[in-house]
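Input: a single structure, listed below in structure tokens.
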Amino acid sequence: MPWPLHPAREVHGETADVVGILGSALESVDPGVGLVATDAGVVAVAARARFANGRDFLGQPRGLFFIGCTEFWERISFHGMLALLILYMVDQLLLPGHVENIVGFKGFRAAIEAVTGPLSSQALASQIFGLYIGFVYLVPVFGGLLGDRVLGRRRAVALGALLMTAGHFCMAFEASFLAALLLLIAGAGVLRGNLASQLGDLYSTDDRRRETAFQIYYGALNTGAFIAPLITGVLAQSRGWHYGFGFAGFGMLAGLVLYLSGGRDLPPDAVRGASVVRRKLSAKERRVVLVMVLMLPLLTLFWVAQTQIWNTYNLWVRDNVDLAIGSWKMPVPWLQSVDALGVVVLVLPMLRFWRWQAARSSEPDDVRKLAIGCLLFSVGIAWLAGGQLVADATGKIPLVWALVYHFLSAVGYLYFAPVAVALFSRTAPASVNAMMIGIFYLSIFAGSIISGRLGGLYERLSSAQFWLIHAAIVAAGGILILLFTSRLRRELMPCPAEIGCA
């Protein structure tokens, strides 16, 4: 059978909107299409009818409202934490008089330094941040299995929200810091995949409203990512760190209440795998999987730089950027909101640009987009390194310099991140498609761990040296992808007809 096309794009010269790309990745773990083994291989069977209870709102199933609002509050929770964590550790928690209060921290630090060697407080904070982000992206692979095969996705989402709420409230006390991180990691792991996968169950695969639904979902996600640092940053600056963490906790609690209140409008749980009969991969499929696994180190190089923007970048802003606007000083976390805003603002111009290229048969394919994304992102990181060239007499860099960076890097991000997910989603053999999406996220896990380690260089190098190292790392990813473009395109694009791509 022909490779199924996503409603918003063509196979060659991708013109999909970025929301559609991300939607495809989420659909890849949707059990709406069963797979059966035949003499011809794995083929798709009829899509399950959407969960229907006659309760629509503004032309969409009401369940979309509850799932979208829950995702909004989950992102408020996650990005509110993200914006504060490194600053909180460096400016207070890991300082003498505070660090001694953390239960179990001595053994925890000893375990980390057994691998890294002795670390300063700042280097240790960067490593802890990297571990936290890395495991937030790793654990959902196992959380999805727990929801699919043990708890059911609805109970898994509720459990994840409770764990995250408890984690944020534990952040209010120095003693329970490590317990807080553990709860937050476990909660995110259980909630994320199980929440997103329910969205697909609201629609049949040929329902035209499905595309709009993923746009709404992605909009809720990014709105939460934008708003969270604004609120938690102000609370931390004006009232104290724990008020910022507390807000994130109440936000997640609000998301849980909304989710539970929509019970009758959410799809019922079903054990995935009951409708799937697996077969062994063909030789061609095994080669495709091998190539995708071998790509992971190249993808990791991008995430080393990107996760450093969530990590040590906040310290760089605190130390080097003039945040004063008249008599008012902008909270450091607000630039994390600008980072999310840049992506949202540039999505439509980027789509129009790709469509303009496609109309002239000049749009780069997915593999080249990955390389372009890495190279553009490296330009943004190098822009940070050049900030000292425009510093004033006190060594402070104008705020506008940081703002320009966020929009430069957003272009690189849009060329890389959603395209990479879509490439894995469309190209992986259908029988292991969801597993390969999970394997893709290992690149974010590895990038986060490495960036945490590199964060220790911040206090030993000049700002220019620190950022040039990261610019070189992500540029190397782009160059290597270009070097292997012919092989990658031959194996991954277009999708071979004998592989049932999701």
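The values are calculated or read from the model by the stated rules, or taken from the named source; none is laboratory data. Predicted model only: the values in this text are computed from it and were never measured. As a convention, Cβ positions derive from the backbone with ideal geometry for all residues, glycine included, and neighbour counts pool all protein chains shown. For accessibility, only protein heavy atoms count, side chains too; no ligands or nucleic acids. Shrake-Rupley method; radii C 1.70, N 1.55, O 1.52, S 1.80 Å.
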Completion exercise
Shape call for region 345-469, from the Cα gyration tensor axes a ≥ b ≥ c (a/c under 1.5 means rounded, otherwise prolate when a/b beats b/c, else oblate), comes out oblate
Fill in the blank from the handout: Taking 0.36 nm per residue of separation between Asp319 and Tyr243 and subtracting their Cα-Cα distance, the length gained on full extension comes to 25.0 nm
Exercise for the section: For Ser121 paired with Asn101, estimate the spin-label separation in nm (one decimal), with each label point 7 Å from Cα along the Cα-to-Cβ line. Expected result: 1.4
Fill in the blank from the handout: Each label sits 7 Å from Cα toward the beta-carbon; between Lys329 and Arg460 the label points are separated, in nm, by 3.0
Exercise for the section: For an R0 of 22 angstrom, estimate the FRET efficiency from the Cβ-Cβ distance between Val291 and Ile479 and round to the nearest 0.05. Expected result: 0.75
Exercise for the section: Among Ala156, Gly143, Gly117, flag the residue with its Cα farthest along the positive direction of the charge dipole of region 87-240, charges on Cβ as +1 for Lys/Arg and -1 for Asp/Glu. Expected result: Ala156
Exercise for the section: Calculate, in whole percent, how much of the Cα-Cα pair population of region 109-214 lies beyond 24 Å. Expected result: 40
Exercise for the section: Please list Asp269, Asp201 in order of solvent-accessible area, largest first, computed with a 1.4 Å probe with all protein chains present. Expected result: Asp269, Asp201
Exercise for the section: Report the full-extension gain for the segment Leu182 to Ser261: residue separation times 0.36 nm, less the Cα-Cα distance, to one decimal in nm. Expected result: 25.7 nm
Exercise for the section: Please give the length that would be gained between Leu403 and Ser362 if that part of the chain were fully extended, namely 0.36 nm times their separation in residues minus their C-alpha to C-alpha distance (nm, one decimal). Expected result: 11.7 nm
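Per the Kirkwood formula on distinct C-alpha pairs, the Rh of region 221-320 is how many angstrom? Please report the intermediate quantities before stating the final value.
Working: mean 1/r = 0.0530 Å⁻¹.
Final number for the Kirkwood radius of region 221-320 is 18.9 Å.
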Exercise for the section: Compute, for Phe105, the solvent-accessible surface of its heavy atoms (probe 1.4 Å) with the complete set of protein chains present, and express it in square angstrom to the nearest 10. Expected result: 10
Handout entry: Cα-centre dipole for region 358-502 with unit charges at Cβ (Lys and Arg positive, Asp and Glu negative), debye to 20
Key = 120
Exercise for the section: Compute the FRET efficiency between Ala111 and Arg352 as 1/(1 + (r/R0)^6), taking r as their Cβ-Cβ distance and R0 = 35 Å, and round to the nearest 0.05. Expected result: 0.10
